[in-house]
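**Q** Handing you a structure now.
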Amino acid sequence: MLQPDTYKDKGARKLLVQELKEKGITDEKVLYAIANVPRHQFIHKDFRHHAYLDKAFPIGEGQTISQPYTVAYQTQLLQVEPNNKVLEIGTGSGYQAAILIEMGANLFSIERQEKLYLKTKKLFIELGYKANLLLGDGSIGCESEAPFDRIIVTAGAPKMPNSLIQQLAIGGIMIIPVGDNNKQTMHILIKKTDGTLENIALDEFRFVPLIGTQAW
Ligand code: SAM
């Protein structure tokens, strides 16, 4: 059941936006989405007081809702345009997915844990978010819907899955954390008009692992 979205929640979101600005997030469209998405709906109601802290939080099944800074950082790098076909790997709580929908993405999101998939599917109906939520191994992508203008991976990958690179459109951007279980480096992969790839390595993060047939 949905929780009320109170003035206190809205105020807490404003403060979170301010905190993310201070940490270096500059994209107004990303900040607007953070201000609009009620993160407390994506966390168990008994812990709603954690919702607007800039922290990751457990969502069950050994998984986490990402830290708001990480969500904002990845989304800013993704440069989503309205109606972009976007593939997210690791739906989890659905929070990152909701941010992408707020930004106008035509979203496909894959989760491998059935309980999380079903929970987020129900939540999206309640919140009125429209997305194609899929259950399965996201490391192999979604061949039938490719190519994607944008791909975002929200679990730590041991390497860049080839299937995802192939499913990226010409001119497309993929954001993916790559590394071992302890730390990963955020990569931007751009597929240029001549089909060649530009790979830029940025800051270090720590995600739960991407588990799948194409993930190693
Ligand atoms: N984007 C999520 C959110 O906003 O809550 C955070 C996701 S959590 C850090 C990473 C998620 O990736 C987990 O829910 C995990 O089950 C999922 N995952 C790991 N390997 C996967 C795979 N091969 N395919 C799909 N989902 C996967």
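**Q** Can you confirm whether residue 78 is more than 8 Å from the ligand (Cβ to nearest atom), under 22 Å from residue 160 (Cβ atoms) and in contact with a Leu (Cβ under 7 Å, 6 or more places away or on another chain)?
**A** no
**Q** Within segment 186-213, restricting attention to residues that are open to solvent by less than 70 Å² (accessible area, probe 1.4 Å) and within 16 Å of the ligand (Cβ to nearest atom), which residue is modelled with the lowest pLDDT?
**A** Only one residue fits best here, namely 212.
**Q** From the list 155, 105, pick out the single residue that is closer than 25 Å to residue 50 by Cα, in contact (Cβ under 8 Å) with a residue 40 or more places away in the chain and among the hydrophobic types (A, V, I, L, M, F, W, C).
**A** 155
**Q** Another one. Within segment 31-47, take every residue that is within 18 Å of residue 127 (Cβ to Cβ) and in contact with a strand residue (DSSP E or B) (Cβ under 9 Å, 6 or more places away or on another chain) and give me the one that is farthest from the ligand (Cβ to nearest atom). Don't jump to the end; show me each part of the working.
**A** Here is the first cut: in segment 31-47, the residues within 18 Å of residue 127 (Cβ to Cβ) are 32-45.
Still in the running and in contact with a strand residue (DSSP E or B) (Cβ under 9 Å, 6 or more places away or on another chain): 39, 42-44.
Working: 39: 9, 42: 7, 43: 10, 44: 13 Å.
Within segment 31-47, the match that is farthest from the ligand (Cβ to nearest atom) is 44.
**Q** Considering only segment 2-25, state which residues are within 17 Å of residue 71 (Cβ to Cβ), open to solvent by less than 60 Å² (accessible area, probe 1.4 Å) and part of a loop (DSSP other than H, G, I, E, B).
**A** 24, 25
**Q** I would also like to ask the following. In segment 62-72, how many residues are farther than 10 Å from residue 95 by Cβ, near the ligand (Cβ under 7 Å from one of its atoms) and among the hydroxyl-bearing types (Ser, Thr, Tyr)?
**A** Counting residues in segment 62-72 that are farther than 10 Å from residue 95 by Cβ, near the ligand (Cβ under 7 Å from one of its atoms) and among the hydroxyl-bearing types (Ser, Thr, Tyr) gives 1.
**Q** Now for a separate question. Anything in segment 125-140 that is outside any loop (DSSP other than H, G, I, E, B) and either open to solvent by 40 Å² or more (accessible area, probe 1.4 Å) or of a type in the set (Ser, Thr, Tyr) (or both)? List them, or say none.
**A** Scanning segment 125-140 gives 125, 126, 127, 132, 134, 135, 139, 140.
**Q** From the set of residues in segment 141-155 that are assigned to a loop (DSSP other than H, G, I, E, B) and over 17 Å from residue 62 (Cα atoms), which is farthest from the ligand (Cβ to nearest atom)?
**A** Out of the qualifying residues, it is 147.
**Q** Now, a different point. Could you tell me which of the residues 99, 89 is touching a strand residue (DSSP E or B) at 6+ places or on another chain (Cβ under 9 Å), open to solvent by less than 10 Å² (accessible area, probe 1.4 Å), touching a residue at least 24 places away in the same chain (Cβ under 8 Å) and not polar (S, T, N, Q)?
**A** The match here is 89.
**Q** Could you tell me which residue of segment 48-61 is nearest to the ligand (Cβ to nearest atom), considering only residues that are over 16 Å from residue 16 (Cβ atoms) and open to solvent by 60 Å² or more (accessible area, probe 1.4 Å)?
**A** 61
**Q** Those residues that are in a strand (DSSP E or B) and surrounded by fewer than 13 Cβ atoms within 10 Å (Cβ to Cβ), I need them from segment 159-185; list them, please.
**A** Initial filter on segment 159-185 (in a strand (DSSP E or B)): 168-179, 184-185.
Across segment 159-185, the qualifying residues are 170, 171.
The values are calculated or read from the model by the stated rules, or taken from the named source; none is laboratory data. All values reported here derive from a predicted model rather than from experimental measurement. Methodologically, a virtual Cβ is constructed for each residue, glycine included, from the backbone with ideal geometry; neighbour enumeration extends over all protein chains shown. Please note that ligands, DNA and RNA were not included when accessible areas were found on the heavy atoms of the full protein model with its side chains. Shrake-Rupley method; radii C 1.70, N 1.55, O 1.52, S 1.80 Å.
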